[in-house]
Amino acid sequence: MIDRLIDLSLRNRLAVTIAAVILVIAGSVALARLPIDAMPDVTTVQVQILTKAPALGPLEVEQFITRPVENAMSGLPRLEQIRSVSRYGLSAVTVVFLDGTDIYWARNLVEQRLAAAQEAIPAGIERPEMGPITTGLGEVFHFVVEGDGASPMELRTILDWDIAYRLRSVPGVIEVNTWGGQAKQYHVLVDPGRLLAYRLSLPQVFEAIERNNLNRGGGIIEKGGEGYVIRGEGMVAGIDDLEKVVVGTTGEGTPILVRHIAEVREGPMLRIGGATRDGKGETVVGMVLMLQGENARDVVARVKEALAEIAPSLPEGVRIVPFYDRQDLVSRVIATVSQNLVEGGLLVVAVLFLLLGNLRGGLIVASAIPLSMLVAFIGMVRAGISGNLMSLGAIDFGLIVDGSVVMVENITRRLAGGDLPAGDRRAAIGRAAREVGRPIVFAVGIILIVYLPILSLSGIEGKMFRPMAWTVVFAVAGSLLLSLTLVPVLCSLFLSRRITEKETWLLRQAHRAYGPALRSSIAHPRATAAVAAGVFASSLGAAALLGAEFVPRLDEGDIVIQASRLPSVSLSQSLASTTSIETVLMTFPEVRTVVSRTGSPEVATDVMGIDLTDVFVILKPRREWRRGMDRDRLVAAMHDALEAAVPGNIFGFTQPIEMRFNELIAGARSDLAIKIFGDDLD
């Protein structure tokens, strides 16, 4: 079969050339469609169920909300785990499914069970809702909304009803979350003395406001050949409308309005979180969440275009200031990978030329590199694998050109020493290719077999390493096919008719050193074996001293500091503490800006109490850092400065994506978490 494939390729050189051109076109299209991100998405298949209850404490939230939801979710098909967090005013239940479960099928099951959970939850509590369809790589763009002279309530209103509303329509955006500011409400402050004087009760006030905040339809009246729609307008539009709501009447029939018994004014909702920036006080933060499976680079680009369109329509003095952009990290990762691939390719070409001694032969071998990568891109798109540091960075050009090197070397050897006619020359190339076809297939097959254990990994390990293994398999398999088809065709088309086989200078020097060493080793077999055994034993001893790590830590370029305080701390005290933290951090010349998120956002995908704060430290480019400063030294210096200047806090240092992965995978933000079970927690 191998021989027939080689002969078929040489007999149909035009068809093979056309197929190569089609491969270039298809691979280029696949590269344009390839999802690009910083690292593989290792998030489990999970659905978050979020419920707000601003008036309830953690024990009541656990008893009245979390437990009924957990009970309703138990027994779902393909269920792996249920975990929950109950905090003041908030319940978050995470339902984890087995890997490979379709997320939309899982959400459909959860939605069906939510009806049963709602029946078990007391009246007056908001309905449980599912969190957005996103993953640990979903937080792609963060920004703050600032305005000269604008209040936190005004900024929050602009973010909620103008900016976030329009960003949700951007393709690839599933949600826009908000931190900080003050959500606007109308507060009716009832005077108990007046209430008693008018002989009214508080439930009557509730009922009157609810009853008078409705629009009703009255049908249609025909008159004069026209139809008039009858409507009863009762929707409250502002403070004046609320003050005019009729609560009851006096004994003489005089209407008693809300303004007679209460003061109506604007006020904020009960807050479960806040945000500050650069030590200057409170701000309003928006966070764009990307739909699962989307391309982060494309989504961020579309979000920036939308923000550029929104900015002119904002009130004067209000501006949108981005502070975290995933596109920057993705661009740095892709630039690093691209640089390594280009440098590796050039190095392979240089080595091939030095070893083969034939420029055309070296270029033919080198052509297998980009063509094999195009095959890999097609396979990655078909398999749903994103291009990232793990998948693209694992490509080994030595493996890719292995088969082509053997093929070109043997063809060159067979053609050396004579100017053969066209027919005999093609036959000689065919014989040379068939001689090494089977060894090439077996050699490359062994390389592919090595990756089978990696392809069998499951869980987080599989999500991390399987994309890398598949990418290598696609590229190496493509190189094998090219070495048996296209490479012989290119040799028949472009190799010189007169080839002289001679060793290059580098090979002559290698042989000059290798010959005496080989003769000495054969003459002293026991000593050679003893030296080999000693080197092997030394390697075992050295291996015992090596550390072990699941995967090298990706430097995301920015730092997240997790500040923890006593659980009883108030929100105002937490925000004052974060302001002090930001003031200290802004003294470091490497820091560009600092934004802190305390507590939980509007959509509580990040479940935190007001005693917890995520401090985003956005750093300047490395070229602007102080001489001799690196990341580890900067983290150590920040830790020491914060410990000395801001007591009462416990600080942990991590990175944006790393923190989010830890939280979604294990439900804990740290690398090590301890869970204690028992009936008596004391």
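A few remarks follow.
- Looking at the range 1-110, none of the strands (runs of 3 or more DSSP E) lying wholly inside it contains 3 or more residues that are among the basic types (Lys, Arg).
- Of all residues in the range 236-271, those that are touching a helix residue (DSSP H, G or I) at 6+ places or on another chain (Cβ under 8 Å) and of a type outside the set (Asp, Glu) total 17.
- In the range 256-271, the qualifying residues are those that are part of a helix (DSSP H, G or I) and of a type in the set (Val, Ile, Thr), and the one that is farthest from Met153 (Cα to Cα) is Ile261.
- Counted as qualifying within the range 499-587 are the helices (runs of 4 or more DSSP H) with 1 or more residues that are of a type in the set (Phe, Trp, Tyr), open to solvent by 60 Å² or more (accessible area, probe 1.4 Å) and more than 30 Å from Trp625 (Cα to Cα), namely 505-523, 525-545.
- The single residue among Leu90, Leu79, Leu98 that is among the aliphatic types (A, V, I, L, M), within 19 Å of Asp41 (Cα to Cα) and touching a strand residue (DSSP E or B) at 6+ places or on another chain (Cβ under 8 Å) turns out to be Leu98.
- Val635 meets each of the listed conditions (1) without any contact (Cβ under 8 Å) to a residue 24 or more places away in the chain; (2) part of a helix (DSSP H, G or I) apart from (1).
- Exclusive hit being touching a residue at least 60 places away in the same chain (Cβ under 8 Å) and among the small types (Gly, Ala, Ser), set Ser84, Ser28: Ser28
- Candidates Val24, Val95: the one that is modelled with pLDDT of 90 or more, surrounded by 15 or more Cβ atoms within 10 Å (Cβ to Cβ), out of contact with any Asp or Glu (no Cβ under 8 Å at 6 or more places or on another chain) and among the aliphatic types (A, V, I, L, M) is Val95.
- Residue match in the range 610-622 (condition: surrounded by fewer than 21 Cβ atoms within 10 Å (Cβ to Cβ), within 30 Å of Tyr165 (Cβ to Cβ) and either charged (D, E, K, R) or out of contact with any Pro (no Cβ under 8 Å at 6 or more places or on another chain) (or both)): yes
- Breaking point among (1) surrounded by 19 or more Cβ atoms within 10 Å (Cβ to Cβ); (2) in contact with an Asp or Glu (Cβ under 8 Å, 6 or more places away or on another chain); (3) within 18 Å of Glu175 (Cβ to Cβ), for Leu90: (2)
- Selection status of Val170, among the hydrophobic types (A, V, I, L, M, F, W, C), in a strand (DSSP E or B) and either in contact (Cβ under 8 Å) with a residue 12 or more places away in the chain or open to solvent by less than 30 Å² (accessible area, probe 1.4 Å) (or both): no
- Which listed residue is hydrophobic (A, V, I, L, M, F, W, C) and open to solvent by 20 Å² or more (accessible area, probe 1.4 Å), from Val408, Val351: Val351
- For the range 173-182, a tally of residues being open to solvent by 20 Å² or more (accessible area, probe 1.4 Å) and out of contact with any Ser or Thr (no Cβ under 6 Å at 6 or more places or on another chain) returns 2.
- Of all residues in the range 136-158, those satisfying the criterion of being part of a loop (DSSP other than H, G, I, E, B), surrounded by fewer than 22 Cβ atoms within 10 Å (Cβ to Cβ) and touching a residue at least 40 places away in the same chain (Cβ under 8 Å) are Gly136, Asp148, Gly149, Ala150.
- Residue check for Asp606: assigned to a loop (DSSP other than H, G, I, E, B), loosely packed, with under 15 Cβ neighbours inside 10 Å, within 26 Å of the chain's Cα centre (by Cα) and modelled with pLDDT under 90: no
- Count - residues of the range 296-321 that are part of a loop (DSSP other than H, G, I, E, B) and touching a residue at least 40 places away in the same chain (Cβ under 8 Å): 3
- Residues in the range 267-290 that are open to solvent by 70 Å² or more (accessible area, probe 1.4 Å) and touching a strand residue (DSSP E or B) at 6+ places or on another chain (Cβ under 6 Å): Met269, Glu282.
- Cβ pairs under 6 Å, 6+ apart, first in the range 572-591 and modelled with pLDDT of 90 or more, second among the basic types (Lys, Arg) and surrounded by fewer than 16 Cβ atoms within 10 Å (Cβ to Cβ): Glu590/Lys620
- The numbered conditions (1) without any contact (Cβ under 8 Å) to a residue 24 or more places away in the chain; (2) at positive phi are all true for Gly293 except (1).
- Filter result (among the acidic types (Asp, Glu) and either modelled with pLDDT of 80 or more or not in a helix (DSSP H, G or I) (or both)) within the range 659-674: Asp671
- The residues of the range 98-123 that are touching a residue at least 12 places away in the same chain (Cβ under 8 Å), out of contact with any Asp or Glu (no Cβ under 9 Å at 6 or more places or on another chain) and more than 28 Å from Ser458 (Cα to Cα), listed by number, are Arg113, Ala116, Ala120, Ile121, Pro122.
- Test: residue in the range 333-340 that is in a helix (DSSP H, G or I), touching a Gly at 6+ places or on another chain (Cβ under 6 Å) and surrounded by 14 or more Cβ atoms within 10 Å (Cβ to Cβ): yes
The values are calculated or read from the model by the stated rules, or taken from the named source; none is laboratory data. The model shown is predicted, which means the values in this text are computed figures rather than measured ones. We place every Cβ from the backbone using ideal geometry, glycine too, and count neighbours over all the protein chains shown. Keep in mind that these areas ignore ligands, DNA and RNA; they rest on the heavy atoms of the full protein, side chains included. Shrake-Rupley method; radii C 1.70, N 1.55, O 1.52, S 1.80 Å.
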